[in-house]
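In what follows, a single structure is set out as structure tokens and then discussed.
The values are calculated or read from the model by the stated rules, or taken from the named source; none is laboratory data. Note that this is a predicted model, so its numbers are computed, not measured. We place every Cβ from the backbone using ideal geometry, glycine too, and count neighbours over all the protein chains shown. These accessible areas exclude ligands, DNA and RNA; they are computed on the full protein's heavy atoms, side chains included. Shrake-Rupley method; radii C 1.70, N 1.55, O 1.52, S 1.80 Å.
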Amino acid sequence: MKYDFSKIEKKWQDRWDESGVFRAKDPGEPGSEKKKFYALVEFPYPSGAGMHVGHIKAYSGLEVISRKRRMEGYNVMFPMGFDAFGLPTENYAIKTGMHPRAVTDKNIEKFTGQLRRVGFSFDWSRVVDTTEEDYYRWTQWIFLKMFEKGLAFRDAALVNYCPSCKVVLSNEDSQGGKCDICHSDIVQKSKDVWYLRITEYADKLLNGLEGVDYLPQVKQQQVNWIGRSEGAFVNFSLAGKDEKLRIYTTRPDTLFGVTFMVMAPEHPLIDKYADSISNMDAVLAYRAECAKKTEFERTQLVKEKTGVKLEGLTAVNPINGREIPIFLADYVMMGYGTGAIMAVPAHDQRDWDFAHKFGIDVIEVIKGGDVTVEAYTGDGEMVNSGFLNGYTNKKDSIRRAVEELKRLGVGEGGVQFKMKDWAFNRQRYWGEPIPIIHCPHCGMVPVPYEELPLRLPEMKEFAPGQGGESPLARIESYVNCKCPKCGGDARRETDTMPQWAGSSWYFLRYIDPHNDKCFADPEKLAYWLPVDWYNGGMEHVTRHMIYSRFWHKFLYDLGLVPTSEPYAKRTAQGLILGPDGEKMSKSKGNVVDPNDVVDEYGADVLRTYTLFMGDYASAAPWSDSSVRGCKRFLERVDDLFSIAKGKGVTPELETAFHKTVKKVSEDYEAMKFNTAIAAMMGLINDIFEVGHLTEDELVTFIKLLCPVAPHICEEINEKLGNKTMLCVSEWPTYDEAKTVDHTVEVAVQINGKLRGTIMLPKDCPKDEAIAAAKADVRVIPFIEGKTVIKEIAVPNKIVNIVVK
RNA sequence: GCCGGUGUGGUGGAAUAGGUAGACACAAGGGACUUAAAAUCCCUCGCCCCUAAAAGCGUACCGGUUCGAGUCCGGUCACCGGCACCA
């Protein structure tokens, strides 16, 4: 007997909507006295292709948790929105001649339709769209706060530039030397760019990880991204000059092994002492050559070291007075540390390679390897190192070296981070305008807060300008303005913000999405924060999560949000691969559209399958035939109604029910949805074997299943005559004592090999279990005529008899 | 190269304070019902073996610890993710 899913799914979606059961209650409203639970999923980028089933899986996890929490009596907020600024929309708009606004609206409508059909329990009254004026007004507002505090600043820099998209990209966006959006090669270009000083929060971002419940891999990735290293700054003097060459090292205890210095080709001291450098031509040529390479090429390739020696300029080791040569080499970067290093070829492979090529001395200072063959990077006894000789512990020798540097006044301990400041501007139309005015007299002047939002002006042609100019620069009426400070003629900043901006604080706006006085009411923030559980993809745990944690911590320091961390817990779902086992993509033609699945099988089947297909955190390929298995399961659930009679319990099923309630309750919490569903499948198999169950038991069953397949469960509940909707009824409980069987099957092993099984009463004493095992007909042949050496009995599990 | 993860039937995957490997599904094969098909129901389903039982072999590979190892330890290989000349 098949149920008409298209009819009942629409019916229940409408009822949930009309009754407002999924609306989160703000402080003061009836219902807000309950404990709050804020579940957050990463809001989608509304692309023209629409959603694929991977989105559904990403939201289904916390959908189940949210529905369970409501049944457990929580006031739940589970919101949804759209991260809609960005290049794909703009590129599509340029291609088709549509306006990005129209494209965005159309895509959001499509996404909303897809989401609605799946029956998610989102609070649709809180939808945010990062491209709406009411939203980006506050994105700009937060930016101005950062500007006010000196965290948003402008600086000339070599930037990653994408010649195809005609934009400047952050390092994060140009990983691998390729543009993140169009995958063309990045080139280096000098330009004035906006930065957010995220490095100022490096320590806070790192330390904050101690107090949050993130998946260990998530934490580890963030730690690596921030990349804190402890070491020392050392000042080498330039021979014959009153000048210091400052370097950073993580191994100040290897100072006696320094045989040369390396500076980044762009190092400013080179220009300052150009007169002293006799081979300046070669130096400049080398520098020009390096400028052609991207940072990726400089750092990525395992290539032969290149470099050039500075003739006429040498450095002096402050610890032993030794005069050493200075080289330029592109393996040293201006952007990390001080742009110069002390080279210890005996104990750093890069330095060793370089020394080997240029015929420089190698001095061993740590025993343990053969430094004539390769660098030795392990631990060992310090040698050839003056006051450090004899140290064997790395920590101790470093501490001693730092003390000595300090005493001599030539250096001090210090910390470096791998994380760089965040390049924050794009020369594109479809983004938040940066609300800054450039005045020839007053410099950079913020647009007054009361004039926000600074609206994105209307344009017909918004293709980027030549040479990386923002299209906004072409609108005279926009560019030309008066300085808010002095009233004189001024020019407006024409760059826009990157897509990461809007997603850095959206979880705050959900809390109070319609507020026009501030980004969110403090009382509401105090009630809802922090986000109790945030789920999303592993690909966002460094960039998006670190950026948003940075914004949140900034707002916390201003006293504008009540918690220092935005997210109390973070989990991640795995991808859904195409049926061919490849990552789903339009070009491969292996994308599965949730609408097609809903049309053919219904939303409940789609939801069940995305959760049943495998471990939630792992990638798994889509399988059409496996979807049919979930359909059969739900049809069998529907069939339960016809065999449910009377009240009370079915004795044969009682233990199975208690076990299943326990298992499903626990598995949902651990996001082990696949085994939870398997347990319910197992139970339904048991029920059909018995042939009947009670109405009470059926209610328990559909309550367990309803977070996964809510429509069919609500329908059955109604057919049973229950007036309260299942989604607001109480989560079932179980009796721990009734989850255990009275007789258990115990395995019998002889010498560790399974030879039989025996049924024993639960908690049967060891000696009785062993006696029973020995008496088993299948076991007797294996012990007859042999000497028993040892007998092991694990209660309710196993008996192992060792014989000889 | 470094860091992290994974490796289990034809397939997706279960099972780790060490204790009956393959739960739950999918696919496949056989049967029932049907004029027939679909749907549904029943049976079989790691390998070896003509079949069945028994025995033997099986959780990437090699070795170790243990009464007992998918699980712990050492080594090897493969794949996936992240970072990458980071001083």
Report summary line: Scaled by the rule-of-thumb 2.2 N^0.38 Å, the alpha carbon Rg for the stretch A:81-128 gives a ratio of 1.29
Query raised in the report: the stretch A:566-637 to the stretch A:198-214: how many Å between their Cα centroids?
Result: 34
**Report entry** For chain A: accessible area per residue (Å², 1.4 Å)
**Finding:** 43
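Just the ratio, please: alpha-carbon radius of gyration of the stretch A:378-536 over 2.2 N^0.38 Å, N its number of residues. Intermediate results must be reported in sequence, preceding the final value.
Working: Rg = 26.2 Å, N = 159, 2.2 N^0.38 = 15.1 Å.
With N residues counted in the stretch A:378-536, Rg over 2.2 N^0.38 Å equals 1.74.
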Report summary line: A correct Karplus calculation of ³J(HN,Hα) over the stretch A:243-254, with 6.51 cos²θ - 1.76 cosθ + 1.60, θ = phi - 60°, whole Hz and x for Gly and Pro, returns 8, 10, 9, 8, 10, 10, 9, 8, 10, x, 6, 9
Query raised in the report: Distance from the Cα centre of the stretch A:427-489 to that of the stretch A:12-82, in angstrom?
Result: 38
**Report entry** Amide proton proximity set for A:Val193, modelled H, under 5 Å, gap of 5+
**Finding:** A:Asp155, A:Ala156, A:Ala157
**Report entry** Packing-based order for A:574-581, A:71-78, using average beta carbon neighbours within 10 Å, highest first
**Finding:** A:71-78, A:574-581
Report summary line: Ranked output for segments A:313-325, A:94-106, A:545-557 by mean other Cβ atoms within 10 Å, highest leading, reads A:545-557, A:313-325, A:94-106
Query raised in the report: Within the set A:Lys586/A:Lys672; A:Lys357/A:Lys395; A:Lys309/A:Lys367; A:Lys149/A:Lys485; A:Lys57/A:Lys662, which residue pairs have Cα atoms separated by over 21 Å?
Result: A:Lys586/A:Lys672; A:Lys357/A:Lys395; A:Lys309/A:Lys367; A:Lys57/A:Lys662
**Report entry** Value of Rg/Rh across the stretch A:53-150 [Cα atoms, Kirkwood radius]
**Finding:** 1.07
Query raised in the report: What dipole magnitude, in Debye to the nearest 20, does the stretch A:615-752 give about its Cα centre under +1 on Lys/Arg Cβ and -1 on Asp/Glu Cβ?
Result: 220
Requested in this report: Determine ³J(HN,Hα), in whole Hz, for all residues of the stretch A:62-78 in sequence, where each value follows from phi through the Karplus function 6.51 cos²θ - 1.76 cosθ + 1.60 and θ = phi - 60°; x replaces Gly and Pro.
Outcome: 6, 4, 5, 4, 4, 5, 5, 4, 4, 5, 8, x, 8, 8, 9, 10, 10
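Only Cα pairs under 8 Å and at least 6 apart count here; give the relative contact order of the stretch A:67-125 as a rounded whole percent. Let's see the in-between values first.
On the way: 25 pairs, mean separation 27.4, N = 59.
It rounds to 46 percent for the stretch A:67-125.
Taking 1 over the mean of 1/r across every pair of different Cα atoms in the stretch A:316-362, what Kirkwood radius in Å do you get?
Values: mean 1/r = 0.0858 Å⁻¹.
Mean inverse Cα-Cα distance, inverted, gives 11.7 Å.
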Query raised in the report: If you wrap the stretch A:1-68's Cα atoms in a convex hull and average its projection over all directions, what's the area in nm²?
Result: 7.2
**Report entry** Note, ³J(HN,Hα) from phi for the stretch A:425-433, Karplus 6.51, -1.76, 1.60, rounded to Hz, x at Gly and Pro
**Finding:** 10, 10, 9, 9, 7, 7, x, 6, x
Requested in this report: Could you name the aspartates and glutamates whose alpha carbon sits less than 14 Å from that of A:Lys11, not counting residues in the same chain fewer than 8 places away?
Outcome: A:Asp604, A:Glu714, A:Glu715, A:Glu718
Query raised in the report: Under the Kirkwood approximation applied to all pairs of distinct alpha-carbon atoms, what is the hydrodynamic radius of chain A in Å?
Result: 31.4
Query raised in the report: Residue farthest toward the positive end of the dipole of the stretch A:326-365, with Cβ of Lys/Arg at +1 and Asp/Glu at -1: which of A:Ala343, A:Ala355, A:Ile326?
Result: A:Ile326
**Report entry** Rg/Rh (Cα only; Kirkwood hydrodynamic radius) as it applies to the stretch A:208-344
**Finding:** 1.06
Query raised in the report: So how many Å³ per residue does the convex hull of the Cα atoms of the stretch A:632-708 work out to?
Result: 75
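What relative contact order, as a whole-number percentage, does the stretch A:499-592 give when Cα pairs under 8 Å and 6 or more residues apart are counted? Each step should come with its number before you reach the end.
Working: 104 pairs, mean separation 25.9, N = 94.
Value for the stretch A:499-592: 28 percent.
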Query raised in the report: If you bin every alpha carbon distance in the stretch A:637-779 into 5 Å steps from zero, what whole percent lands in each bin?
Result: 2, 9, 16, 17, 15, 11, 9, 7, 6, 4, 2, 0, 0
Report summary line: The correct ranking of A:Glu33, A:Glu289 by accessible area at 1.4 Å, largest first, is A:Glu33, A:Glu289
Requested in this report: Determine the dipole magnitude for the stretch A:311-364: charges of +1 sit on the beta-carbon of Lys and Arg, -1 on that of Asp and Glu, nothing else is charged, the reference point is the Cα centre, and the result goes in debye to the nearest 20.
Outcome: 80
Query raised in the report: Where q = 0.15 Å⁻¹, what log10 of I(q)/I(0) comes from the Debye formula for the stretch A:285-418, counting one point per Cα?
Result: -0.90
Requested in this report: For A:Lys189, list the lysines whose Cα falls under 19 Å from its own Cα; do not include residues on the same chain fewer than 8 positions away.
Outcome: A:Lys166, A:Lys178, A:Lys292, A:Lys293, A:Lys420
Query raised in the report: Points 7 angstrom from Cα along the Cβ direction at A:Val794 and A:Ala156: gap in nanometres?
Result: 7.1
Requested in this report: Kindly rank A:663-676, A:374-387 from highest to lowest mean number of other beta carbons found within 10 Å of each residue.
Outcome: A:663-676, A:374-387
Report summary line: Spelling it out for A:Lys583: with amide H atoms placed in the peptide plane at 1.01 Å from N, the residues 5 or more places away or on another chain with amide H under 5 Å from its amide H are A:Gly578
Report summary line: All alpha-carbon distances of the stretch A:187-265, grouped into 5 Å bins from 0, give the whole-percent distribution 3, 9, 14, 14, 13, 15, 15, 10, 4, 2, 1, 0
**Report entry** Top positive-direction residue, dipole computed over the stretch A:59-146 with Cβ charges, set A:Phe143, A:Ala84, A:Gly113
**Finding:** A:Gly113
Query raised in the report: Tell me, what % of the accessible area of chain A is carbon and sulfur with a 1.4 angstrom probe?
Result: 50
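At 37 °C and 0.692 mPa s, grab the translational diffusion coefficient of the stretch A:321-397 from Stokes-Einstein with a Kirkwood Rh over Cα pairs, rounded to a whole number in µm² per second.
Working: Rh = 13.6 Å.
Stokes-Einstein gives a translational diffusion coefficient of 241 µm²/s.
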Report task. Would you work out the charge dipole size for chain A about its Cα centre, treating the Cβ of every Lys and Arg as +1 and the Cβ of every Asp and Glu as -1, and quote it to the nearest 20 debye? Result -> 360
Requested in this report: Just report the Cα centroid separation between the stretch A:383-402 and the stretch A:762-784, whole Å.
Outcome: 65
Report task. For A:Ile436, list long-range residues whose amide hydrogen, built 1.01 Å from N in the peptide plane, is under 5 Å from its own amide hydrogen. Result -> A:Val447, A:Glu493
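Under the rule a/c < 1.5 gives rounded, and otherwise a/b versus b/c splits prolate from oblate, where does the stretch A:116-156 land using the Cα gyration tensor? Before the final figure, lay out the partial values.
Working: a/c = 3.85, a/b = 3.28, b/c = 1.17.
Since a/c reaches 1.5 and a/b is larger than b/c, the shape of the stretch A:116-156 is classed as prolate.
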Query raised in the report: Relative contact order (percent) for chain A, with alpha-carbon contacts under 8 angstrom and 6 or more residues of separation?
Result: 14
